[in-house]
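Structure record follows, encoded as structure tokens.
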Amino acid sequence: MSKVFEELSIPPDAVENGGVEVLRAAVVDGAVSVARRRAFDDPATWGRLLIDLARQAARAYALETEMSEDEAFERIRAGLEAES
């Protein structure tokens with residue numbers, strides 16, 4: 001069995017303008033594997049990054065499933081609270 005890593009493309013604005021990758025996450029054998037760099041002086045910036053990711057993920061569910069964006073976001077929020 002060939003093991004292939006399916007990576008995402010670099011965002012077009014990062015290709016055009018440059019940037020610094022701060023987070024890479026993959027699902028490996030059903031678990032999340034993460035590489036990250038601290039990157040920000042204020043940890044609150046991670047909160048803004050995470051909420052933006054949650055909103056984008058909810059939008060993807062709304063586009064690709066029968067779930068509404070609000071419902072998907074609430075499910076994401078519930079998952080965060082369950083892990084707190």
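In this structure, is Glu6 surrounded by 12 or more Cβ atoms within 10 Å (Cβ to Cβ) and free of Cβ contacts under 8 Å to residues at least 12 places away in the same chain?
Spelling it out, it is not the case that Glu6 is surrounded by 12 or more Cβ atoms within 10 Å (Cβ to Cβ) and free of Cβ contacts under 8 Å to residues at least 12 places away in the same chain.
Say whether the condition of being of a type in the set (Asp, Glu) and within 12 Å of the chain's Cα centre (by Cα) is met by at least one residue in the stretch 53-73.
Among the residues of the stretch 53-73, not one is of a type in the set (Asp, Glu) and within 12 Å of the chain's Cα centre (by Cα), which makes the answer no.
If we keep just the residues of the stretch 9-56 that are touching a residue at least 12 places away in the same chain (Cβ under 8 Å) and in a strand (DSSP E or B), which is most open to solvent (accessible area, probe 1.4 Å)?
Ranking the qualifying residues of the stretch 9-56, first place goes to Arg36.
The values are calculated or read from the model by the stated rules, or taken from the named source; none is laboratory data. If you're wondering where the values come from, they're calculated on a predicted model, not measured in any experiment. Cβ coordinates were reconstructed from backbone atoms using ideal geometry, including for glycine residues, and neighbour counts include every protein chain displayed. To get the accessible areas, we keep the full protein, side chains included, count just its heavy atoms, and leave off ligands, DNA and RNA. Shrake-Rupley method; radii C 1.70, N 1.55, O 1.52, S 1.80 Å.
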